[in-house]
Amino acid sequence: PDLFEAPDYYNLDDLLSEEHKLVRDAARQWVKRDISPIIEEYAQKAEFPKQIIKGLAEIGAFGPYIPEEYGGAGLDQISYGLIMQEIERGDSGVRSTASVQSSLVMYPIFAYGSEEQRKKYLPKLATGEWMGCFGLTEPNHGSNPGGMETKYKDMGDHYLLNGAKLWISNSPFADVAVVWAKNEEGRIHGLIVERGMEGFSTPETHNKWSLRASATGELIFDNVKVPKENLLPGKSGLGAPLGCLDSARYGIAWGAIGAAMDCYDTALRYAKERIQFGKPIAAYQLQQKKLAEMITEITKAQLLAFRLGQLKNEGRATTAQISMAKRNNVDMALKIAREARQVLGGMGITGEYSIMRHMMNLESVITYEGTHDIHLLITGADITGIPAFK
Ligand code: TGC
Ligand code: FAD
């Protein structure tokens, strides 16, 4: 299963720079060597493979576009996308860890943090010495984070934080958490909460059928004293966390292509080898329809992601453009996973092949970072000027 050949039907490689290809190939090699051989076992036992943290840092997956002076890789947005694509070709849960560390922890500290905060946290997050998580979602507020109840009070020399976050990727082992909470006036701010602060706990969420190789948990704040210097001073309001989501969603739009490529590649290979009624099943029109539609959808998704990457590099990509790509590409990948699973017949349900794991992972990917419905409503609001959320 690790003979993977990346589909490139429209010669997209011609549009990539030498640096893009080097970065992509390094990530691809690493996934082949360090992820593919172990990931099924970790998914089966529902455990995050902590030993991969160092390798993720080495391929530039922690802060690809964060400047080198803060320990980041200093790459452009297309390189960031390609790294996410390669990682998610291995597993969406591993990509989640990279997305959270880069776009939801390093990005807000870089974009909204003070110089002291950048110097204190970013280099250690870039090497994986410290791991981070991002607390926005709450038990009563998922799609509508603006309704959050987690709040903090100014106690003079510190803030007192109370509340709870749910569904937080990496929370069970994170050293730091970027937490979104309301002040006494109801204004949302970001706070950096560190493991070990009294009253702060991170219970793990068990029994997931999806993203099993990624650790998910809660963040509980019971009168946590947060030093005043841990508040992100640069931006407040719901736009601050939503700005981080723009970056993470962009990475997911590329990541989903990786999962789809792996499913397609596996299904194509299997269809050419599996003989039924005296012929390879690839010879039958029904199977060709599935495979032809898969490569068509992957190619469309690649072009969408590439153009979005150019717009991002120019600082012109809008939230709505990012929503469209996240929504389309994740839906595309999930549909391909379901079809590819059928091409493999019974073998498709086993852990011998990656498809069922991708399929189950993608059920989370289509829900987190804004559900499939919410992204449709973002497009709807953008084209009509009328938000239909409320
Ligand atoms: P709305 O009134 O539209 O906006 C509130 C304020 O924010 C501003 N704004 C933005 N600013 C910067 N960047 C953006 N992308 C922005 N989008 C909006 C906006 O201008 C406004 O500013 P101001 O100054 O007027 O206050 O907000 P709304 O409450 O109507 O909500 C809109 C909606 C539904 C689209 C939004 O709440 C949303 O996107 N909901 C989905 C929640 C979500 O995606 N959660 C993800 C949690 S993190 C996660 O899932 C991580 S998974 C792990 C992994 O990545 O692998
Ligand atoms: P709800 O918001 O309750 O939605 C339920 C259903 O109602 C959905 O189908 C939704 O589309 C629909 N719906 C909601 N509002 C509307 C509307 N206005 N119109 C029409 N339909 C609507 N969050 C973090 O903050 N940090 C993380 O690291 C993180 N990691 C995650 C990891 C995993 C494995 C999962 C599953 C989730 C994670 N999340 C994280 C949370 C994720 O972002 C939320 O699950 C998601 O935003 C949806 O919120 P919800 O689950 O509360 O669903």
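No lab work stands behind these numbers, since they all come straight from the coordinates. Please read these numbers as outputs of a predicted model, since none were measured by experiment. Using ideal geometry, Cβ is built from the backbone for each residue, glycine included, and neighbour counts are taken over all protein chains shown.
When the stretch 344-371 is filtered for residues that are in contact with a Lys or Arg (Cβ under 6 Å, 6 or more places away or on another chain) and either β-branched (Val, Ile, Thr) or closer than 19 Å to residue 245 by Cβ (or both), the ones remaining, listed by number, are 355, 369. Of 187, 249, all but one fail to be within 16 Å of ligand 2 (Cβ to nearest atom), closer than 30 Å to residue 316 by Cα and among the basic types (Lys, Arg); the exception is 249. Out of 46, 27, I need the residue that is at positive phi, touching a residue at least 12 places away in the same chain (Cβ under 8 Å) and buried (at least 16 other Cβ atoms within 10 Å of the Cβ). Which one? Step by step, each of 46, 27 is checked, and only 46 is at positive phi, touching a residue at least 12 places away in the same chain (Cβ under 8 Å) and buried (at least 16 other Cβ atoms within 10 Å of the Cβ).
Which of the residues that make up the stretch 131-179 are among the aromatic types (Phe, Trp, Tyr), more than 14 Å from ligand 1 (Cβ to nearest atom) and in contact with a strand residue (DSSP E or B) (Cβ under 6 Å, 6 or more places away or on another chain)?
Taking the stretch 131-179 as the starting set, the residues that turn out to be among the aromatic types (Phe, Trp, Tyr) are 134, 152, 159, 167, 173.
Next, only the ones that are more than 14 Å from ligand 1 (Cβ to nearest atom) stay: 152, 159, 173.
Of everything in the stretch 131-179, those that are among the aromatic types (Phe, Trp, Tyr), more than 14 Å from ligand 1 (Cβ to nearest atom) and in contact with a strand residue (DSSP E or B) (Cβ under 6 Å, 6 or more places away or on another chain) turn out to be 152, 159.
For the stretch 64-86, the criterion of being exposed (fewer than 15 other Cβ atoms within 10 Å of the Cβ) and in contact (Cβ under 8 Å) with a residue 60 or more places away in the chain is met by no residue. Here is a check on your reading of the model: is residue 190 within 14 Å of ligand 1 (Cβ to nearest atom), surrounded by fewer than 22 Cβ atoms within 10 Å (Cβ to Cβ) and within 22 Å of the chain's Cα centre (by Cα)? Spelling it out, it is not the case that residue 190 is within 14 Å of ligand 1 (Cβ to nearest atom), surrounded by fewer than 22 Cβ atoms within 10 Å (Cβ to Cβ) and within 22 Å of the chain's Cα centre (by Cα). The set of residues from the stretch 266-290 being over 13 Å from residue 341 (Cα atoms), among the aromatic types (Phe, Trp, Tyr) and assigned to a helix (DSSP H, G or I) is empty. Taking the stretch 1-54 as the range and being of a type in the set (Lys, Arg) and within 26 Å of residue 269 (Cβ to Cβ) as the test, the residues that pass are 21, 24, 28, 32, 33. The residues in the stretch 164-173 that are within 16 Å of residue 199 (Cβ to Cβ) and within 10 Å of ligand 2 (Cβ to nearest atom) can be counted, and the count is 2. Looking only at residues of the stretch 365-390 that are touching a residue at least 40 places away in the same chain (Cβ under 8 Å) and hydroxyl-bearing (Ser, Thr, Tyr), we find that the one that is farthest from ligand 1 (Cβ to nearest atom) is 379. Listed by position, the strands (runs of 3 or more DSSP E) contained in the stretch 66-172 that have at least 3 residues being in contact with a Pro (Cβ under 6 Å, 6 or more places away or on another chain) form an empty set.
Residues that are of a type in the set (S, T, N, Q), within 13 Å of residue 89 (Cα to Cα) and out of contact with any strand residue (DSSP E or B) (no Cβ under 7 Å at 6 or more places or on another chain) occur at least once in the stretch 338-357. Taking (1) under 30 Å from residue 90 (Cβ atoms); (2) touching an Asp or Glu at 6+ places or on another chain (Cβ under 9 Å); (3) buried (at least 17 other Cβ atoms within 10 Å of the Cβ) in turn, residue 204 satisfies each apart from (3). The residue pairs whose first member lies in the stretch 268-283 and is under 22 Å from residue 354 (Cβ atoms), whose second member is part of a loop (DSSP other than H, G, I, E, B), and whose beta carbons are closer than 7 Å, counting only pairs six or more residues apart or on different chains, are 270/344; 280/274; 281/274.
Out of curiosity, is residue 300 charged (D, E, K, R), within 16 Å of ligand 2 (Cβ to nearest atom) and either in contact (Cβ under 8 Å) with a residue 24 or more places away in the chain or buried (at least 22 other Cβ atoms within 10 Å of the Cβ) (or both)? Quick ask: steps written out before the conclusion?
On the way: charged (D, E, K, R): yes; within 16 Å of ligand 2 (Cβ to nearest atom): no; either in contact (Cβ under 8 Å) with a residue 24 or more places away in the chain or buried (at least 22 other Cβ atoms within 10 Å of the Cβ) (or both): yes.
So residue 300 does not fit the description; no.
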